[in-house]
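Peer 1: I have a structure I would like to understand better, so I am pasting it below and will then ask my questions one at a time.
The values are calculated or read from the model by the stated rules, or taken from the named source; none is laboratory data. All figures in this text were calculated on a predicted structure; none of them were measured in a lab. Glycine also receives a Cβ, built like all others from the backbone with ideal geometry; neighbour counts cover every protein chain displayed.
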Amino acid sequence: MTTTTQIIREQFLEFFQSRDHMIIPGASLVPSNDPTLLLINSGMAPIKPYFTAEAVPISPRLCNVQKCIRTNDIEDVGDRSHLTFFEMLGSWSIGDYFKDVAVELAGDLLMGKLNIPQSKLYATVYKGNDTIGLAYDEESHRAWERLGFKSNQIVPLGDEDNLWGPAGDTGPCGPCTEVFIDLGDKTGIGSYEETGIFNTRRYIEIWNAGVFMQLNKNADGSYAPLPFTSVDTGAGLERLTMAINGNENVYQEEPYTLLLTQMPSVFSQHECRVVADHVRAASHLISDGVSPGRNGREYITRRLIRRMETIAACHRTKIPYPELLNVVQAKDGRNHEEFKKSDALIREVVAAEVAVFSRTLSSGLKAFDKVTRKLNGSAELPSQHAFNIVTAHGFPLEALEQIATTRGLRIDRPGVELLMDRHKALSRGAPKPK
Ligand code: GLY
């Protein structure tokens with residue numbers, strides 16, 4: 001039987017509440033008093049001051065569902081599991097329990113409450129690193145063994161995978177233990193037991209069962225101990241639901257399933273997924289006060305809308321925003337009162353941004369078509385032509401690349417960027433290069 005993100009969200013909160021965790025509200029996507037972060041990217045980001053003892057929580061055990069945005073891997077959106085906007089299920093011990101209890105809770109949640117068979121689960125533990133004074137995480141290893149995990153279901157990993165955080169450049173962080181689900185032989189990838197390789201196309205992370213917050217990263221890259229140890233957990237709701245349903249990509253879960261049915265039929269599957277992701281992300285950003293603009297977080301909203309518009313322009317069609325926003329609203333308005341209240345504002349801001357960009361888009365497209373008619377079958381758009389379109393029409397290079405890819409053409413991005421840098425230097429009065 002399939003489940004929904006709504007059911008998993010409710011089961012998660014119920015579980016942690018029954019284990020004495022207080023449910024706290026999720027925060028806005030815009031960080032408050034945190035210059036290290038452009039946007040909230042994890043459940044712990046809005047509650048960082050609790051880990052550093054700069055603030056005292058209402059209870060030492062907390063849980064919630066937090067809206068998050070991550071755009072560092074925006075190019076991967078549309079694959080199996082990347083989303084720019086997602087909801088993170090999180091639970092915390094602030095100076096209360098540590099590794100043993102965290103692992104026990106993870107087992108009770110995943111195998112007890114959510115009924116995932118233990119045979120499908122793998123746990124990763126931190127390998128240790130002498131230079132920061134951390135040894136192999138024996139304590140978590142033993143805790144997983146107590147839950148019945150065999151030694152080949154416990155995978156030691158290093159800093160890159162299992163030293164989590166900080167959420168910005170500096171702040172609380174620590175080693176972690178994560179749980180993965182095995183999608184099995186149908187992936188065509190050999191198992192960890194057979195190959196000794198823990199391939200994340202076969203094994204999908206579903207729950208960061210514990211970042212063991214014990215370090216504070218300083219601006220110079222050094223680490224200092226935190227005043228006390230804490231636990232920070234996190235799971236992407238959409239991805240966890242996908243894994244529980246035995247699905248292979250997050251777009252098989254709502255609201256994406258419904259969004260995909262509303263897309264123009266000319267869009268490729270990948271384009272449908274990108275638009276489904278971006279419309280949800282942009283509308284939540286606008287709801288939290290981040291209107292499209294030239295810099296910083298405002299530019300992220302602008303970029304998301306421009307990417308959708310460029311996809312539509314490539315096919316000479318329009319994005320059905322009213323219908324897409326109806327779907328997002330029906331799903332997220334239920335859990336986020338502020339989102340429901342901003343419905344009219346979201347529609348207005350999206351329409352205004354689309355109107356502004358459409359003029360640039362249509363003049364850039366015309367120039368692109370004119371140039372490409374003269375290419376005589378070449379697979380590459382010459383850098384000078386691409387540069388001319390970008391500068392004469394104020395056309396974003398990213399949008400030009402998107403269009404070129406759809407039409408089967410390459411752009412030499414570094415080549416265009418070099419021309420742009422030279423152009424900028426000349427406009428500033430630098431001598432002409434020889
Ligand atoms: N804060 C834990 C995580 O994002 O995985």
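Peer 1: State all residues of the range 68-98 that are of a type in the set (Phe, Trp, Tyr) and within 16 Å of the ligand (Cβ to nearest atom); if no residue qualifies, say none.
Peer 2: Across the range 68-98, the qualifying residues are PHE85, PHE86, TRP92, PHE98.
Peer 1: Does the range 190-197 contain any residue that is touching a Gly at 6+ places or on another chain (Cβ under 9 Å), within 19 Å of ALA209 (Cα to Cα), modelled with pLDDT of 95 or more and of a type outside the set (Ser, Thr, Tyr)?
Peer 2: no
Peer 1: Being over 19 Å from PHE85 (Cα atoms), exposed (fewer than 14 other Cβ atoms within 10 Å of the Cβ) and touching a Pro at 6+ places or on another chain (Cβ under 9 Å) is the filter here; which residues of the range 315-340 pass it?
Peer 2: LYS318
Peer 1: Looking at (1) under 18 Å from ASP232 (Cα atoms); (2) within 15 Å of the ligand (Cβ to nearest atom); (3) of a type in the set (Ser, Thr, Tyr), which is the only condition SER59 fails?
Peer 2: (2)
Peer 1: If you don't mind, there's one more thing I want to ask. Using the structure shown, decide if ASN218 is in contact with an Asp or Glu (Cβ under 8 Å, 6 or more places away or on another chain) and more than 15 Å from the ligand (Cβ to nearest atom).
Peer 2: no
Peer 1: In the range 274-306, what residues are touching a residue at least 24 places away in the same chain (Cβ under 8 Å), in a loop (DSSP other than H, G, I, E, B) and surrounded by fewer than 24 Cβ atoms within 10 Å (Cβ to Cβ)?
Peer 2: Across the range 274-306, the qualifying residues are ASP288, GLY289, SER291, PRO292.
Peer 1: Which residue is farthest from TRP92 (Cα to Cα), if the candidates are limited to the range 139-188 and must be aliphatic (A, V, I, L, M) and within 15 Å of the ligand (Cβ to nearest atom)?
Peer 2: Per the stated criteria, the residue is LEU157.
Peer 1: Specify which of the listed residues (THR84, THR4, THR52) is among the β-branched types (Val, Ile, Thr), touching a Lys or Arg at 6+ places or on another chain (Cβ under 9 Å) and modelled with pLDDT of 95 or more.
Peer 2: None of the others qualify; the one that does is THR84.
Peer 1: What is the residue count in the range 232-273 for residues that are without any contact (Cβ under 8 Å) to a residue 40 or more places away in the chain, of a type in the set (Val, Ile, Thr) and part of a loop (DSSP other than H, G, I, E, B)?
Peer 2: 0
Peer 1: Cβ-Cβ below 9 Å, separation at least six or inter-chain, first residue in the range 52-73 and exposed (fewer than 14 other Cβ atoms within 10 Å of the Cβ), second in a loop (DSSP other than H, G, I, E, B): which pairs?
Peer 2: ALA53/GLY95; VAL56/ILE94; ILE58/ILE24; ASN72/ASN41; ASP73/HIS82; ASP73/THR84
Peer 1: Kindly list, by first and then second residue, each pair from a residue in the range 170-194 that is touching a residue at least 60 places away in the same chain (Cβ under 8 Å) to a residue that is surrounded by fewer than 18 Cβ atoms within 10 Å (Cβ to Cβ) and among the aromatic types (Phe, Trp, Tyr), limited to pairs with Cβ atoms under 8 Å and residues at least 6 apart or on different chains.
Peer 2: Final answer for the pair search is TYR192/PHE198.
Peer 1: Would you please name the residue that is farthest from the ligand (Cβ to nearest atom), looking only at residues in the range 189-208 that are of a type in the set (D, E, K, R) and over 30 Å from SER230 (Cβ atoms)?
Peer 2: Checked the range 189-208; the qualifying residue farthest from the ligand (Cβ to nearest atom) is GLU194.
Peer 1: Kindly provide the set of residues from the range 12-51 that are assigned to a helix (DSSP H, G or I) and within 16 Å of the ligand (Cβ to nearest atom), ordered by number.
Peer 2: The answer is PHE12, PHE16, ALA45, PRO46, ILE47, LYS48, PRO49, TYR50, PHE51.
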